[in-house]
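Please treat every number below as a calculation from the coordinates, not as lab data. Bear in mind that the values here come from a model prediction, so they are computed numbers and not experimental data. Here Cβ is always computed from backbone atoms with ideal geometry, including for glycine, and neighbour counts include all displayed protein chains.
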Amino acid sequence: MTTLDDLPLRDNLRGQVPYGAPQLNVPVALNVNENTHRIPEAVAHDIVARIAETVIGLNRYPDREFSGLRERLARYLGHGLTAENLWAANGSNEVLQHVLSAFAGPGRTLLGFAPTYSMYSLLAAGGDTTWIPGLRDDEYELSAETAVAQVREHQPNVVFLCSPNNPTGTPINLETIAAIYDATDGVVVVDEAYAEFAPDGTESALSLLPGRPRLLISRTMSKAFAFAGARVGYLAADPAAIDALRLVRLPYHLSALTQAAAEAALDHTDEMLAMVDDIRGQRDRIVARLSELGYTPHRTHSNFVLFGGVEDPQALFTALLERGILIRDVGIPGHLRVSAGTESETTAFLEALSALSSKA
Ligand SMILES: *Cc1c(COP(=O)(O)O)cnc(C)c1O
């Protein structure tokens, strides 16, 4: 049988494994931080109607500049942004790939602060960029001092800051982000995939954009927006940075169907985001109950909770799975991660966990 080793694969891909969160058909899937609430029926009908109108024109290539989508994304983000400041692609993973294609690549480096989103190192490898896993402070926090020292040491071409961070939930404060920006000549990306789940009053790094042309803020419709299956991620930055991404995207990368669906969803922002408060409540409930059970949940601004104090993560993961509940072993010793689900999904998780925890 032919294996990867028999193929003339690029050297830096040898020994790599693809991104592979398990996709299992279970009653309660809380493993990839999706919004587990379905799209409201009325919005779904409007999305279908917009797609239906689009289908007849599929003989033509889509709007390469996805102008209608960029206008709506700018309006949603506020902060004085216009369509010129916006970019989008098939998920923020593709947006990040565009950033690396434009600003990283062979002979260049990407600095992140581990543990962080597992796709960063995979995207780096895919584009022959050297991944540098930087270090954090205690409790996965990242102070300006700790971050700046590593930026000065490594002088990376690109820095990826995940805030709030996946898989830990830890936010990075704006002073730290500004200090990192000042310490590098490279591009600084803040991945705010989970920004909508932060406590009310939390400032987005979008507020740092004026006067910082090398700062790029990445967002996604996959999480709070309940649109993971549609594959729509986006980014806000200085128009010059957007021009750089145009150099590396494939022509017509966003299909007319994707644009139509995303535009329709953004015309119903309030309804699409209606469940965010409920999800934050379920997250807080998980944190409180985990503490009661003797686990150590970490500070989180996301829709998920990383918790320590797990004697045997693989055994607990398997025992929950046997009860139809899928969570995530993110490879941090003594830890597991769970996404906040609907109220009943969260109850199912907490009840199963209580039954399995001798500590209670
Ligand atoms: C889920 C997630 C994304 C979103 O990826 P999409 O490609 O937009 O679905 C991006 N960054 C982080 C840190 C995530 O956890």
Fill in: Simple label model, 7 Å out from Cα along Cβ direction - residue 135 to residue 351, nm
4.6
Worksheet entry | Label-to-label distance, nm, for residues given as residue 270 and residue 252 (7 Å Cα→Cβ offset) | 3.8
Practice prompt. Could you list which residues have their amide H under 5 Å from that of residue 187, counting only those 5 or more apart in sequence or on another chain, with H placed in the peptide plane?
Written response: 158, 159
Worksheet item: Who wins for biggest fluctuation among 316, 73, 245 in a Gaussian network model of the chain, springs between alpha carbons below 10 Å?
Response: 316
Item to complete: Compute from the Cα atoms of the chain the Rg and the Dmax, the latter being the longest Cα-Cα distance, and quote both in angstrom.
Response: 20.6, 62
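In the chain, what % of DSSP beta bridges are antiparallel (nearest 5)?
On the way: 15 of 33 bridges.
About 45 percent, rounded to the nearest 5.
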Worksheet item: Anyone know which of 215, 290, 235 comes out most mobile in the 10 Å Cα GNM of the chain?
Response: 290
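Plugging the Kirkwood radius over Cα pairs into Stokes-Einstein for segment 222-272, at a temperature of 20 °C and a viscosity of 1.002 mPa s, what D comes out in µm²/s?
171
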Worksheet entry | Part-to-part distance (alpha-carbon centres) for segment 92-146 and segment 266-305, which is given in Å | 26
Worksheet item: Given springs between every Cα pair under 10 Å in a Gaussian network model of the chain, which of 141, 292, 196 has the largest fluctuation?
Response: 292
Fill in: Net +/- balance of residues flanking residue 91 in space, Cβ distance below 15 Å, scoring K and R +1, D and E -1
0
Item to complete: Would you please name the GluC sites (Glu not before Pro) within segment 14-95 that are DSSP coil residues with at most 15 other C-beta atoms within 10 Å of their C-beta?
Response: 65
Discussion item. I need to check one value: relative contact order of the chain, counting alpha carbon pairs closer than 8 Å and at least 6 residues apart, in percent.
Written reply: 23
Fill in: 16 Å reach of a label modelled at residue 125, 7 Å along Cα-to-Cβ, counting backbone N of segment 329-347
331
